[in-house]
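Taking it in order: structure first as structure tokens, then the write-up.
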Amino acid sequence: VSALLRQGGVREAAVVAREDAPGHTRLVAYVVAHGVDGLAVAALRSRLKEELPDHMVPAAFVVLPALPVTPSGKLDRAALPAPEWTRPDEEGPAVAPRDSVEETLAGIWCGVLKLDGVGVHDNFFALGGDSILSIQVISRAAQAGIRITPKQVFQYPTVAELAAVADTAAAVQAEQGEVAGPVPPTPVQRWFFEQEMPEPHHWNQALLLEVLRPVDPALLERAVGGLLRHHDALRLRFRREGGEWRAECAAWDGAVPFEQVDQSATPPAERAAEVEHVAARAQASLALERGPLLRAVYFGRGEDAGRLLLAVHHLAVDGVSWGVLVEDLERACAQLGRGGPVRFPAKTTSFRRWAERLAEHAATPAAEAELDHWRAASLARAAPLPTDGPGGPNTEADARTVAVSLTEEETHALVHEVPAAYRVQVADVLLAALARTVAGWTGERVVRVELEGHGREPLFDDVDLSRTVGWFTSVFPVALDAGDHPSPGEALKAVRDQLRAVPGKGIGYGLLRYLGRDGARAALAAGPSPEISFNYLGQLDSLLPGAALFRPADEPIGAAHAPSAPRRYLLEVNASVTGGRLQAAWTYSERLHRLDTAEALAARWLAALREMVEHCRTPAASGYTPADFPEAGLDQEELDDLVAEFAALNG
């Protein structure tokens, strides 16, 4: 309230926590203006964002001629009108876009979030958005001629606010020609080579696409060639010199690693087996030193829907990159089909330039200021995971996977309802359930996990990675204290607060561990390696474009990793929203764990996750912790006292 009263034009103010829909409690500001000119709510909200943490900024503002009071002179809370909530569901009508920029951004949000409509005051993250999807928003906005930055999406998370600041950031100057020459290895690439794999050429990401209508293979080959020419990271080469791996981007030589397999005469019942056999061979054939790092195989089936395999070495691609590649492949095929040349949207910052900037940034005081945090995270101790298998080496040959999933209804609640309850992200909920599960298994409250982030963090104002292909992943350790929290809400808040304490979304760990000064590298290398990895890949349904010519196929395509490759972790948990459902794969070694052990762990995690989702949908799902107000310097008791005082002051 005091922050509101400090703003010019505000004569009176009150802030209340309203629950106008079950399970959704949000702050609402009621303000009375000085004079008759009224208040510019967008400007008021913007000024509050400069003074207050995001979670203290009211979700809605209502301008009144006067605050209602009771006969005793206190604020009459019952007489305060409900705000016009702008969520596109049961909470109330949305405010429609009012100009062309808002209309374009609202359309982009609908496409990315898979919603039928959004209002101009809807919060992107409350609607289920996350940092990965924000990259899609930036890319699609740029193609529509609207320039926004990652920082702006987080600072101005509504259509109205974002439209007001669009095109105010300095334009990023990216190399538009072919990029070739030496490229400094990035932290995650150094992490990969640190594994000392016997067959480092076979560690890929691959995607099998259903080709929805007959297509000329020559056209597909030209389209793949367009990808290789435009996206420089696909032409990376790696060679070992004196015990150290070096990278360079090869010049485009016109060669397209494209193979055609005619399955038109193959019996339908035998086609999948042939696809798997050919795909496995293609996946094992990539070459780090001479290339290629990409292979494409088209399985033609006459009038039936064919298949297109794209296998790319992980050193050159990540999950966000696949959205760019498939979108560009669709675009190239459409352009060639009309008889025109292949023209892609303008390049964003090159992978080489990003690698150079990371190397420069690693030695800065800002990066080195995180060393104490990462040293503590690296040296944190946790109980070793119990094993019950026959024993032996932990390699990909013995890796097995247990898959579990939520229902579509549960997934919708997780993505679109849960984030507002405790101001959390989907990954926070998944990790809180993981911490509870593993702590219950080991009997120890501290759980060490290696997390993966998308790594495209806005470190530099003159860098735009929204359409850049490459491997940007950040890998970093966290020590989660599962604590003694019988309530799912308290457990979720505890893990959420610990994750918020991670600086820069984890990107600084790799900078210091692999690019930092000798002392920093040695300090971070001394800690024990976590035995569990976790990666939430986001809403993959939104990363891949709508089906026009291609859509994902689910037939087997062989091993993405060489059977001889050592596994760094005992358990790997990879989750994503695919086909409208949260799906998680628990990968383990059958030499180290029995199938029933892995199944029991996955089932317990799913049960813990469901419990948290159900809890977050109840009116009891609310409450603040000191992490909600990081600049206030409060402990939990002081915060509870302030909340109680705040409630008393407001009636």
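Across segment 139-158, the qualifying residues are those that are open to solvent by less than 30 Å² (accessible area, probe 1.4 Å) and in a helix (DSSP H, G or I), and the one among them that is modelled with the highest pLDDT is Ala141.
One residue alone among Leu236, Leu207 is touching a residue at least 24 places away in the same chain (Cβ under 8 Å), buried (at least 18 other Cβ atoms within 10 Å of the Cβ) and over 30 Å from Trp109 (Cα atoms), and that residue is Leu236. The residue list Val275, Val256, Val215 contains one member that is at pLDDT 95 or above and part of a loop (DSSP other than H, G, I, E, B), which is Val256. Any residue at all in segment 320-332 that is surrounded by fewer than 19 Cβ atoms within 10 Å (Cβ to Cβ) and in contact (Cβ under 8 Å) with a residue 24 or more places away in the chain? Within segment 320-332 (the criterion being surrounded by fewer than 19 Cβ atoms within 10 Å (Cβ to Cβ) and in contact (Cβ under 8 Å) with a residue 24 or more places away in the chain), the answer is no, since none of the residues qualifies. Residue count for segment 486-495 satisfying the condition of being outside any helix (DSSP H, G or I) and either closer than 23 Å to Val317 by Cβ or in contact with a helix residue (DSSP H, G or I) (Cβ under 9 Å, 6 or more places away or on another chain) (or both): 1.
Being in contact with an Asp or Glu (Cβ under 7 Å, 6 or more places away or on another chain) and either open to solvent by 30 Å² or more (accessible area, probe 1.4 Å) or not in a loop (DSSP other than H, G, I, E, B) (or both) is a property that holds for Val402.
Out of the residues in segment 239-255 that are over 23 Å from Ala565 (Cβ atoms) and touching a Lys or Arg at 6+ places or on another chain (Cβ under 8 Å), which is least open to solvent (accessible area, probe 1.4 Å)? Among them, the one singled out is Cys249. Restricting attention to segment 1-19 and to residues that are surrounded by fewer than 17 Cβ atoms within 10 Å (Cβ to Cβ) and assigned to a strand (DSSP E or B), the residue that is modelled with the lowest pLDDT turns out to be Glu19. Kindly indicate whether any position in segment 459-480 is under 27 Å from Ala247 (Cβ atoms), hydrophobic (A, V, I, L, M, F, W, C) and open to solvent by 40 Å² or more (accessible area, probe 1.4 Å). Yes, some residue in segment 459-480 is under 27 Å from Ala247 (Cβ atoms), hydrophobic (A, V, I, L, M, F, W, C) and open to solvent by 40 Å² or more (accessible area, probe 1.4 Å). The numbered conditions (1) at pLDDT 70 or above; (2) over 30 Å from Glu614 (Cβ atoms); (3) surrounded by fewer than 17 Cβ atoms within 10 Å (Cβ to Cβ); (4) touching a strand residue (DSSP E or B) at 6+ places or on another chain (Cβ under 9 Å) are all true for Leu75 except (3). Applying the criterion of being surrounded by 17 or more Cβ atoms within 10 Å (Cβ to Cβ) and modelled with pLDDT of 90 or more to the residues of segment 167-189, the residue that is farthest from Gly516 (Cα to Cα) is Val179.
Whenever a residue of segment 335-350 is more than 18 Å from His231 (Cα to Cα) and among the acidic types (Asp, Glu), it has no partner that is open to solvent by 60 Å² or more (accessible area, probe 1.4 Å) and not in a loop (DSSP other than H, G, I, E, B) lying with C-beta atoms less than 6 angstrom away and at least six residues away or across chains. Of Leu115, Leu127, all but one fail to be surrounded by 22 or more Cβ atoms within 10 Å (Cβ to Cβ) and more than 15 Å from Gln155 (Cα to Cα); the exception is Leu127. You will find that of Leu434, Leu385, the residue that is touching a residue at least 24 places away in the same chain (Cβ under 8 Å), part of a loop (DSSP other than H, G, I, E, B), over 28 Å from Glu327 (Cα atoms) and open to solvent by less than 50 Å² (accessible area, probe 1.4 Å) is Leu385 and no other. Scanning segment 352-382 for residues that are part of a helix (DSSP H, G or I) and among the polar types (S, T, N, Q) returns a single hit, Ser378.
The criterion of at least 3 residues that are surrounded by fewer than 20 Cβ atoms within 10 Å (Cβ to Cβ) and over 24 Å from the mean Cα position of the chain (by Cα) is met, among helices (runs of 4 or more DSSP H) falling completely within segment 496-574, by 518-525.
The values are calculated or read from the model by the stated rules, or taken from the named source; none is laboratory data. From a predicted model like this one, the values you see are computed outputs, not experimental measurements. Note: ideal-geometry Cβ built from the backbone for every residue, glycine included; neighbour counts use all protein chains shown. Accessible surface is based on the protein model in full, side chains and every heavy atom, while ligands, DNA and RNA are left aside. Shrake-Rupley method; radii C 1.70, N 1.55, O 1.52, S 1.80 Å.
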